[in-house]
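Everything on this sheet refers to the single structure shown next.
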Amino acid sequence: MLVLSGSEIENYMDQLGKFRMDIFGEYPYLYDGSIQYERTYLSRYSRNAESLLLILQDALGIMGACTGIPLKGEDREFQKAFAGENNDEIYYIGEVMLRADSRGKKLGSSLMATALGLIDSRRFQKVCLCTVDRGLDHPQRPLSYLPPDYLWKKHGFEKSNNLMAYFDWKDVGEEVETRKPMNIWLREHSKKVEAWQPSR
């Protein structure tokens, strides 16, 4: 597993951006992105010394990735969603992504545990993440789709009942961006997990 932070991320931005576009092009995000936007978005990670990028690779390229950044380093409009919280004490996990052929092998849990182990060693009291809320009757929802809620709960996250964020992006096959509701999940620092270690 490759562990990077701050300016070390810059050399991986295009590779990571293309991976994000591939993974988030699937349900439930259905994200129709561009490499130009990805470079702009990911540049905030490369400029922040406390950011994180974890990468799993094989002969085909990136097979899994996890990103993170202090919430105060994120978009100001997004920060407003955390009304009543101390944003200085919250760390934001941007995504945990796996290539389709790498799922079901506990690699997502490995990425999450490693990220949380690194975050818990720092000053932050809470960790958050967001997931898009498409409801249960979206026409493009695959019959076999299972949301990764079990993964977030396994690592101590709880879905907030009173916090909600909203992101705009263009869905695959659409012409314009539309606003999407995003569930916010929070994890208290006290709910630690042991950082994953590679098998020997």
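The values are calculated or read from the model by the stated rules, or taken from the named source; none is laboratory data. Worth saying up front: this structure is predicted, and the values here are computed from it rather than measured. For neighbour counting, all protein chains shown are included, and Cβ atoms are generated from backbone atoms with ideal geometry for every residue, glycine included.
What the table shows:
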{"quantity": "Filter result for the condition that a residue is surrounded by 15 or more Cβ atoms within 10 Å (Cβ to Cβ) and closer than 15 Å to Ser160 by Cα, over Glu95, Glu85", "calculated": "Glu85"}
{"quantity": "Number of the condition not met by Glu77 [criteria: (1) part of a strand (DSSP E or B); (2) loosely packed, with under 15 Cβ neighbours inside 10 Å]", "calculated": "(1)"}
{"quantity": "Scope the range 159-177; condition touching an Asp or Glu at 6+ places or on another chain (Cβ under 8 Å) and β-branched (Val, Ile, Thr); matching residues", "calculated": "Val172"}
{"quantity": "Residue count for the range 29-54, restricted to those that are under 15 Å from Gly173 (Cα atoms), crowded, with 19+ Cβ neighbours inside 10 Å and modelled with pLDDT of 95 or more", "calculated": "3"}
{"quantity": "Residue match in the range 153-168 (condition: outside any loop (DSSP other than H, G, I, E, B), over 17 Å from the mean Cα position of the chain (by Cα) and loosely packed, with under 14 Cβ neighbours inside 10 Å)", "calculated": "yes"}
{"quantity": "Flag if Gly156 is touching an Asp or Glu at 6+ places or on another chain (Cβ under 8 Å) and farther than 15 Å from Ile69 by Cα", "calculated": "yes"}
{"quantity": "Which numbered condition Gly64 fails, given (1) in a helix (DSSP H, G or I); (2) surrounded by 18 or more Cβ atoms within 10 Å (Cβ to Cβ)", "calculated": "(1)"}
{"quantity": "Residues within the range 113-130 that are in contact (Cβ under 8 Å) with a residue 60 or more places away in the chain and either surrounded by fewer than 18 Cβ atoms within 10 Å (Cβ to Cβ) or not in a strand (DSSP E or B) (or both), tallied", "calculated": "11"}
{"quantity": "Subset of the range 1-44 [in a loop (DSSP other than H, G, I, E, B) and in contact with a helix residue (DSSP H, G or I) (Cβ under 6 Å, 6 or more places away or on another chain)]", "calculated": "Gly33"}
{"quantity": "Index of the failed condition, Gln57 passing every other in (1) among the polar types (S, T, N, Q); (2) under 20 Å from His189 (Cβ atoms); (3) not in a helix (DSSP H, G or I)", "calculated": "(2)"}
{"quantity": "Residue within the range 95-117 that is out of contact with any Gly (no Cβ under 8 Å at 6 or more places or on another chain) and farther than 30 Å from Ser144 by Cβ present", "calculated": "yes"}
{"quantity": "Qualifying positions in the range 131-152 - outside any loop (DSSP other than H, G, I, E, B) and surrounded by 13 or more Cβ atoms within 10 Å (Cβ to Cβ)", "calculated": "Thr131, Val132, Asp149, Leu151, Trp152"}
{"quantity": "In the range 31-55, the residues that are over 15 Å from the mean Cα position of the chain (by Cα) and of a type in the set (A, V, I, L, M)", "calculated": "Ile35, Ala49"}
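Matching residues to (1) on the phi > 0 side of the Ramachandran plot; (2) touching a Pro at 6+ places or on another chain (Cβ under 9 Å); (3) at pLDDT 95 or above:
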site: Tyr145; (1), (2), (3): no, yes, no
site: Trp152; (1), (2), (3): no, no, yes
site: Gly156; (1), (2), (3): yes, no, yes
site: Glu175; (1), (2), (3): no, no, no
site: Leu186; (1), (2), (3): no, no, yes
site: Trp196; (1), (2), (3): no, no, no
